[in-house]
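One structure is given here, and the rest of the page talks about it.
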Amino acid sequence: ALITMRQLLDHAAEHGYGVPAFNVNNLEQMRAIMEAADQTDSPVIVQASAGARKYAGAPFLRHLILAAIEEFPHIPVVMHQDHGTSPAVCQRSIQLGFSSVMMDGSLGEDGKTPTTYEYNVDVTRRTVEMAHACGVSVEGELGCLGSLETGTAGEEDGIGAEGVLSHDQMLTDPDEAADFVKKTQVDALAIAIGTSHGAYKFSRPPTGDILAIDRIKAIHERIPTTHLVMHGSSSVPQDWLAIINEFGGEIAETYGVPVEEIQEGIKYGVRKVNIDTDLRLASTGAIRRFMGQNKSEFDPRKYLAVATKAMKEICVARYEAFNAAGQA
Ligand code: G3H
Ligand code: 13P
Ligand code: NA
Ligand code: ZN
């Protein structure tokens, strides 16, 4: 059944678990997420980015998610729009039938320029008013994702301009978070703690100076009833990196957010954990390996099936690790 993010995260808070929110762009990702949820009896958040809408087309994405709900009627599913860049973008998603939207006012309409606090409050508050009138949940974001190692605003390729973000912009301030939630009435708040999107998050296994899990605790103490969201939370599995590189890929040494650190966050109010890159790495590794080992195969269903299986294994592991398993 289709449910709102607020319904699911209230349940998650009551029962002390976190929900992985997986990005979806195609049938294989959708199947992997749902089969894993079915196997582990987990509730689901699937999210579509602007890039996903551009790739698949909004109607295909919408019907992919509706098909998932039809095939797995016993699994609660939140249909979430990831990183909306304006109230108008969120409005269109609400019209399409999304049960939850993210208004990311930490960045401007270009999706990359940091904004003022007043701008963020204004666009988020207006989105909440509109969405709540339609029974739709809203996630806001305060603070900019980015690398505390380099000051790089989170570019997916790891080669963004260095030093454009200050240390302060990349760590959400607990007092500001309290003011933001009060003024906007968001259902969930994405916070910045040193993670960034994509595979190139950390040049070494992260320690507290570059991955500020302590900041989550400080924010949670200040706003204990607000559901917190971690973006850029792929763990970047070293075994998949090795397989990609063994079968002709070239991915440089890099590290993600360890699952144990996410589990620590879940103890302190993190309820939604955004994961895209891990499924990309797993499917790429599985396809590269299959192609390398089956040189005469040309039926796409063969290599897409191994990609689906690899993604499903990641989904199962995250549902279990975040204690969402058994909560559907
Ligand atoms: O926000 C980041 C997600 O990984 C979505 O990425 O914009 O390439 O679809 P995308
Ligand atoms: P990753 O790139 O770490 O998977 O993060 C995804 C995300 O935050 C989507 O909003
Ligand atoms: Na989101
Ligand atoms: Zn994100």
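Can Phe60 be described as within 15 Å of ligand 1 (Cβ to nearest atom), of a type in the set (Phe, Trp, Tyr) and either surrounded by fewer than 19 Cβ atoms within 10 Å (Cβ to Cβ) or more than 25 Å from Glu28 (Cβ to Cβ) (or both)?
Details: within 15 Å of ligand 1 (Cβ to nearest atom): yes; of a type in the set (Phe, Trp, Tyr): yes; either surrounded by fewer than 19 Cβ atoms within 10 Å (Cβ to Cβ) or more than 25 Å from Glu28 (Cβ to Cβ) (or both): yes.
Spelling it out, Phe60 is indeed within 15 Å of ligand 1 (Cβ to nearest atom), of a type in the set (Phe, Trp, Tyr) and either surrounded by fewer than 19 Cβ atoms within 10 Å (Cβ to Cβ) or more than 25 Å from Glu28 (Cβ to Cβ) (or both).
Scanning the stretch 63-97 for residues being within 16 Å of ligand 2 (Cβ to nearest atom) and either more than 22 Å from Ala324 (Cα to Cα) or surrounded by fewer than 20 Cβ atoms within 10 Å (Cβ to Cβ) (or both) gives a total of 6.
Scan the stretch 6-34 residue by residue and report those that are in contact with a Lys or Arg (Cβ under 7 Å, 6 or more places away or on another chain) and buried (at least 19 other Cβ atoms within 10 Å of the Cβ). Within the stretch 6-34, Leu9, Ala12, Gly18, Val19, Pro20, Ala21, Ala32 meet the criteria.
Going by the structure shown, is Ser296 polar (S, T, N, Q), away from ligand 3 (no atom under 16 Å from the Cβ) and touching a helix residue (DSSP H, G or I) at 6+ places or on another chain (Cβ under 9 Å)? Reasoning before the result, please.
Details: polar (S, T, N, Q): yes; away from ligand 3 (no atom under 16 Å from the Cβ): yes; touching a helix residue (DSSP H, G or I) at 6+ places or on another chain (Cβ under 9 Å): no.
No.
Which one of Ala50, Ala12, Ala67, Ala32 is touching a strand residue (DSSP E or B) at 6+ places or on another chain (Cβ under 6 Å) and of a type in the set (Gly, Ala, Ser)? Give the derivation first.
On the way: Ala50 fails: touching a strand residue (DSSP E or B) at 6+ places or on another chain (Cβ under 6 Å); Ala67 fails: touching a strand residue (DSSP E or B) at 6+ places or on another chain (Cβ under 6 Å); Ala32 fails: touching a strand residue (DSSP E or B) at 6+ places or on another chain (Cβ under 6 Å).
Ala12 is the lone residue from the list that is touching a strand residue (DSSP E or B) at 6+ places or on another chain (Cβ under 6 Å) and of a type in the set (Gly, Ala, Ser).
Annotation: Ala192 fulfils all but one of (1) surrounded by fewer than 20 Cβ atoms within 10 Å (Cβ to Cβ); (2) within 16 Å of ligand 2 (Cβ to nearest atom); the unmet one is (1). Of the residues contained in the stretch 217-232, none is found to be surrounded by fewer than 19 Cβ atoms within 10 Å (Cβ to Cβ), of a type outside the set (Asp, Glu) and within 16 Å of ligand 2 (Cβ to nearest atom).
So that you can scan it fast, the table gives a plain yes or no per residue for (1) of a type in the set (Phe, Trp, Tyr); (2) within 21 Å of Cys144 (Cα to Cα); (3) within 15 Å of ligand 3 (Cβ to nearest atom):
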residue	(1), (2), (3)
Arg53	no, no, yes
Leu66	no, no, no
Pro114	no, yes, no
Glu118	no, yes, no
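Say whether the condition of being away from ligand 3 (no atom under 16 Å from the Cβ), touching a residue at least 24 places away in the same chain (Cβ under 8 Å), exposed (fewer than 14 other Cβ atoms within 10 Å of the Cβ) and under 30 Å from Ala133 (Cα atoms) is met by at least one residue in the stretch 165-176. Taking every residue of the stretch 165-176 in turn, at least one turns out to be away from ligand 3 (no atom under 16 Å from the Cβ), touching a residue at least 24 places away in the same chain (Cβ under 8 Å), exposed (fewer than 14 other Cβ atoms within 10 Å of the Cβ) and under 30 Å from Ala133 (Cα atoms).
Would you say Ala325 is closer than 26 Å to Ala12 by Cβ and buried (at least 16 other Cβ atoms within 10 Å of the Cβ)? Taking the combined requirement at face value, the residue satisfies it. Among the residues of the stretch 270-308, those identified as touching a residue at least 60 places away in the same chain (Cβ under 8 Å) and more than 14 Å from the chain's Cα centre (by Cα) are Leu281, Ser283, Leu304, Ala307, Thr308.
If I ask for residues that are in contact with an Asp or Glu (Cβ under 9 Å, 6 or more places away or on another chain) and crowded, with 19+ Cβ neighbours inside 10 Å, which ones from the stretch 251-268 would you list? Correct list: Gly256 only.
From the list Thr284, Thr308, Thr277, which residue is within 16 Å of ligand 4 (Cβ to nearest atom), on the phi < 0 side of the Ramachandran plot and at pLDDT 95 or above?
Working: Thr284 fails: within 16 Å of ligand 4 (Cβ to nearest atom); Thr308 fails: within 16 Å of ligand 4 (Cβ to nearest atom).
Every option except Thr277 fails the conditions.
In the condition set (1) within 18 Å of the chain's Cα centre (by Cα); (2) under 23 Å from Leu171 (Cα atoms); (3) acidic (Asp, Glu), Asp122 is compliant with all but (1). Pairs are defined by a Cβ separation below 9 Å, a sequence spacing of at least 6 or placement on different chains, a first member in the stretch 14-33 that is of a type in the set (A, V, I, L, M), and a second member that is away from ligand 4 (no atom under 15 Å from the Cβ) and assigned to a loop (DSSP other than H, G, I, E, B); the pairs so defined are Val19/Ser42; Val19/Pro43; Val19/Phe322; Val19/Ala324; Val19/Gln327. Per this entry, Asp209 is counted among residues that are touching a residue at least 40 places away in the same chain (Cβ under 8 Å) and more than 16 Å from ligand 4 (Cβ to nearest atom).
Going by the conditions given, is Val273 among the aliphatic types (A, V, I, L, M) and within 14 Å of ligand 2 (Cβ to nearest atom)? Spelling it out, Val273 is indeed among the aliphatic types (A, V, I, L, M) and within 14 Å of ligand 2 (Cβ to nearest atom).
The values are calculated or read from the model by the stated rules, or taken from the named source; none is laboratory data. Being a predicted model, the structure only gives us computed values, none of them experimental. Heads up, the Cβs are rebuilt from the backbone with ideal geometry, glycines too, and the neighbour counts pull from every protein chain shown.
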